[in-house]
Amino acid sequence: MTLTAILLVAAALIGIGLYGTLSQQSFVMLMMGLELMLNGVLLAAVGFWSLAAGGVPTGQLLAIVTMAVMAVEMSVGFALITAVYRNRQADMTESLGTMKH
Amino acid sequence: MLERLAARAPVPVFVAMGRDRAPAVERLLRNADIDVTATPRHASILLVAGRVRDSDQAYLDRLHDQLPHPRATFWWGDEQGDDVDEARRAASSDDPVVALRVLYRNLISGAHASETHRLADEPPAPWRGKGDHGQGGEGMMGGVPYGRMMPMPPTPDIRDGLTLDVYTTQIGPFMPYWPAGLVLEVTFQGDVIQSAEVVNPTYPPRDVDRVPFDHLLHETTALAQIERARAAHHLVCIARLLSLVGLPTLSRRAQILAARVRANETIAIAPLRKAAARSGLKAALAPGLGRIDDRLARELGGPVQRAAGHAIDHRSDNPTYTRLDFTPVMQTQSDCRARLAQWFDEAEQALALVSAAPDAMIDHGALIEAPWAHRAPPIDYRVTELLPGLEWSEALLVLNSFDSAALCRMAPLEAP
Amino acid sequence: MSVVDDMAFWIFALTAIVSGWRVFCTDSMVRASFLLLASFIAVGLIMLLLGAPYLGIATIFMMGVEMMVMALFMVMYMMNPAGLNPMVMVHQHRFSIGAGIAAFVGLAAVMLVTDFADNPVASDARVVTDLGKELLGDSMLIFETAGVTLLATMVASVILSSRSGRFGPADEGSVPPPLEPGGQPAGRLPEEGGGHGHHHH
Amino acid sequence: MTPIVLTMTWVAFLLGMAWYIAVLDGLWAAAREGRQPRAPLANPLYRCATILRQQSNLTEAPDLLNWRLAPALYAGLAGTGVALVPFSSASVLADLEVGIVWWGAVEALTVVVVFLHGWSANSQLGLIGAYRYVAIGLPVMLISMFVLIAAALPAESLAVPKIIESQHELWNVIRQPLGLPLFLLLGLSLSFRGPFNYADSADLADGTASEISGAARLVWEFARLAMLVATAAMAATVFLGGYLGPVLPGPLWLLLKTAVVLVLLVALSHLFARISPSRMLTLIWIVLMPLAFIDLVWAGLVAL
């Protein structure tokens, strides 16, 4: 369990997440891709904190902020989807040519 | 070892309620040696109580095949064919508890072979096409699915501004807390009923508590007998509702009280009522839930009508009752709460009449109010108009806040 | 690091990656959410191995709730929620695969080239206490900012998505009130009336 | 205690207490119905045998993996919950620095597992039960977390043993009177009993459990009891001082306190009617959630 191994796993998660974000047509699935990328970021942050930064308390803080970002991303995402869905009955990225009203 | 332990457990029985056995089956609910299960998956014996109409035979077979092995079917009633062996049937006048225990013990020891599938083990409609189960076709939605309906057809209907797909399913005829025989095709959105359609009507009600009323047609009958029957009928109705709101122990207590009333014992309903009230029964039945309009209440008659605030009761005109200062009890709100309160009030009043005049007799042919709704021909109001918009648990509460005679008139009777 | 820890790490790592990949392969939205949850749980357990118990378990805890909510939203918004029919819902597939692989290779290359400091956390460090002191001490401002942002976002989301939005029922096309009595609604005007014209099924 | 003795104590505690609940249930029901209890001590065993004797069956096209896994995971979560509870000052199976957060994870994952169980059987009543359970289970979980964090405040630690140590002078049930009642509701919700039985209720023909039989059902029913044991043990530990007590040895005190909490829980589950899910949601968000807030603020002020 070296730092390199952990970062490799994190990179793999970010790669898969990016694939998901770019390829999925459904908003909700797109958000799953984002979450997976953040998952990788989280792992990398904790890996650095634990194995390279000697456990400085601020490192953990970065991870906590990442988690908060995830939660924010999800609630904003769902709010947007709900709003768009009401107006357009759409949950697909293509059906949303414009972000106006 | 396992067999020996299992043999001493309460017998897990699923009851398929046939045409005329409803009240008798309630006897089983009180028996600690019988465990009446909520689903066939938990039962070892399928108890077919009474006659099942031919069109329900397929439902019965499907039910049967859902029982886990080892399983057996037990027929309780008079019209069962002679091809059923002695161990698996009882006459309608018999108490089947002992027979059920014996059958169960033989079943788990292997002396009685488990019954095989009655239907072929295949999906009710064929899966044809792509996917793990052959359930779809090409394209984004899986294209046009072959072989069977799209499981969740899209709908324009919006609740809360969000479209949740609806799904349609058949419910009945042997579902617990469901009018026996009734098959509804219900469309749900989430757990809210969108629409319902009658596929098969209910079985006509047959009541043990009817006996003194039938008797009265020809012979002079004791007032006590009639009023006891009334109290018993109401207690059984109360028991069903209590069980639905998650008070199974109080429900069983109501069943036991009903049995004791029928056995001419002196009982008090007040403790049960107090216990139920303390349990938050009022909170469980939201005010206004299941409110019906005046016209429907009048058409249904009986306690339903009085719960709507109409003091119409044939007993008011009977000299025996007027001598006892009888005045009909009634509620005003005409909702589930009111109907439940009406049952409690009428049952208590009935027992008060019994203790006030234990020896009073009523002349034969006298017109005496029955404990249930009018048994006139079906009315144009359908149970399917009652359910839409209700959440599933509320729908069941509303259904069970009517006696079976009222339900029968709302879900039209089958042609005789 | 003991052998057991190493083995556990690789098992969790494999679980995280495989379930993360399966998220985008399954037909069922519910399965997709819970596969993502499995990936998060595996990462959370790796964090435990790395000596960050609070973060690891908090990840499991938070993601359990979050994915449960996600699954419900999935069922609400997807045309084929339970994966009852097989379906393909991807676009620019080749490009996405390429981008994913490129991201992985790029990050991996950077990481293999860079020489990271080797400074593991001391085994007797009181990491949770430290975190607590940090959260409510030196970094209070960051923490509070994150917290208030979160709260504001949640309130905003509820307002945005509630049917009775800021300016009337959302599904009837909510319009802000005019600036002067009887005047035009404030703000930008929608081009073709309210939202109703757009429904297509 | 050595690890082996500790593990055996843990298993015995789970099994014994589950049986104890089943017996209590039987006795309570009989008393409330006004009849003689039927073989009160042995009846739970008979029922186990009956369920085990039945074959496990299948529905049409279920999600078999999740369906079979869910009961086991549920039981496993209950087990990890109990593992957090110290039997005495030196004997705790899972001595985590962040025990309270771990308990939170147990709660969150329980909601997930119950949902999966109802969803994966591919039957409508189970699915309705699953949805309902999520709607009720999630907010109740939030309440319990507020209450637990309040209990952790005087200890200045998230570790369960430290929380016990902080109760030497005064139990948390007195220090924070709102905590225990709110936490007991969580017990009912996690094992969906009585007024909180929104997953496996009578109107849904046993809801998420309506399609299982045989060994899977036995595990499921056991897990429900075990989860109740876990919450009771946690309540006894966090609010009633756990193993602390005069004269008697620590493990015995824990046992006694858990047993008393379980009597309360069983009584609650039989005493109250279930209100409709939407009314329950209103009750939780409008009444119980603010109460939990008050509890937290109160605990904070006292700790200052």
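Values as computed for the structure displayed
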item	result
Positions within region D:90-135 being of a type in the set (Phe, Trp, Tyr) and surrounded by 23 or more Cβ atoms within 10 Å (Cβ to Cβ), in sequence order	D:Trp102, D:Trp103, D:Phe115, D:Trp119, D:Tyr133
Check on C:Leu49, at the interface with chain D (Cβ under 9 Å from one of its Cβ atoms) and not charged (D, E, K, R)	no
Residue tally, condition more than 15 Å from D:Leu228 (Cα to Cα), of a type in the set (A, V, I, L, M) and surrounded by 14 or more Cβ atoms within 10 Å (Cβ to Cβ), over region D:1-26	2
Filter result (surrounded by 13 or more Cβ atoms within 10 Å (Cβ to Cβ) and hydroxyl-bearing (Ser, Thr, Tyr)) within region B:290-326	B:Ser316, B:Thr320, B:Tyr321
Residue, farthest from the chain's Cα centre (by Cα), within region D:166-175, restricted to residues that are surrounded by fewer than 24 Cβ atoms within 10 Å (Cβ to Cβ) and in contact (Cβ under 8 Å) with a residue 24 or more places away in the chain	D:His168
Qualifying residue in region C:71-91 (condition: over 30 Å from D:Val101 (Cα atoms), more than 12 Å from chain B (Cβ to nearest Cβ), at pLDDT 70 or above and surrounded by fewer than 20 Cβ atoms within 10 Å (Cβ to Cβ))	no
Only one of D:Leu148, D:Leu127 that is without any contact (Cβ under 8 Å) to a residue 40 or more places away in the chain and either more than 30 Å from B:Ile171 (Cα to Cα) or part of a helix (DSSP H, G or I) (or both)	D:Leu127
Test set (1) free of Cβ contacts under 8 Å to residues at least 12 places away in the same chain; (2) in contact with a strand residue (DSSP E or B) (Cβ under 8 Å, 6 or more places away or on another chain) - B:Asp380 fails condition number	(2)
Any chance C:Pro190 is facing chain A (nearest Cβ under 8 Å) and at pLDDT below 70	yes
Per-region count, region A:17-32, residues over 11 Å from the mean Cα position of the chain (by Cα) and either more than 7 Å from every other protein chain (Cβ to nearest Cβ) or assigned to a helix (DSSP H, G or I) (or both)	6
Checking C:Val128 against (1) surrounded by 12 or more Cβ atoms within 10 Å (Cβ to Cβ); (2) part of a loop (DSSP other than H, G, I, E, B); (3) modelled with pLDDT of 70 or more, the condition it does not meet	(2)
Extreme residue, surrounded by the most Cβ atoms within 10 Å (Cβ to Cβ), among residues of region B:252-289 that are more than 10 Å from chain D (Cβ to nearest Cβ), under 20 Å from the mean Cα position of the chain (by Cα) and among the aliphatic types (A, V, I, L, M)	B:Ala258
Candidate set: region D:60-110, residues that are part of a loop (DSSP other than H, G, I, E, B) and β-branched (Val, Ile, Thr); chosen: the one farthest from D:Leu255 (Cα to Cα)	D:Val98
Hits in region B:306-323 (condition: polar (S, T, N, Q) and without any contact (Cβ under 8 Å) to a residue 24 or more places away in the chain)	B:Ser316, B:Thr322
Pick from region D:111-124, criterion part of a loop (DSSP other than H, G, I, E, B) and more than 10 Å from chain C (Cβ to nearest Cβ), ranking: farthest from D:Ala70 (Cα to Cα)	D:Ser123
Output for region C:31-70, where each listed residue is among the small types (Gly, Ala, Ser), surrounded by fewer than 24 Cβ atoms within 10 Å (Cβ to Cβ) and over 16 Å from A:Leu38 (Cα atoms)	C:Gly51
Test: residue in region D:251-262 that is touching a helix residue (DSSP H, G or I) at 6+ places or on another chain (Cβ under 6 Å), within 14 Å of chain B (Cβ to nearest Cβ) and among the aliphatic types (A, V, I, L, M)	no
Any hit, region D:254-267, residues being at pLDDT below 90, over 30 Å from B:Arg273 (Cβ atoms) and out of contact with any Phe, Trp or Tyr (no Cβ under 6 Å at 6 or more places or on another chain)	no
Test result for D:Gln36, free of Cβ contacts under 8 Å to residues at least 40 places away in the same chain and either part of a loop (DSSP other than H, G, I, E, B) or more than 14 Å from chain B (Cβ to nearest Cβ) (or both)	yes
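The values are calculated or read from the model by the stated rules, or taken from the named source; none is laboratory data. The model shown is predicted, which means the values in this text are computed figures rather than measured ones. In this analysis, Cβ positions are derived from the backbone assuming ideal geometry, glycine residues included, and neighbour counts consider all displayed protein chains.
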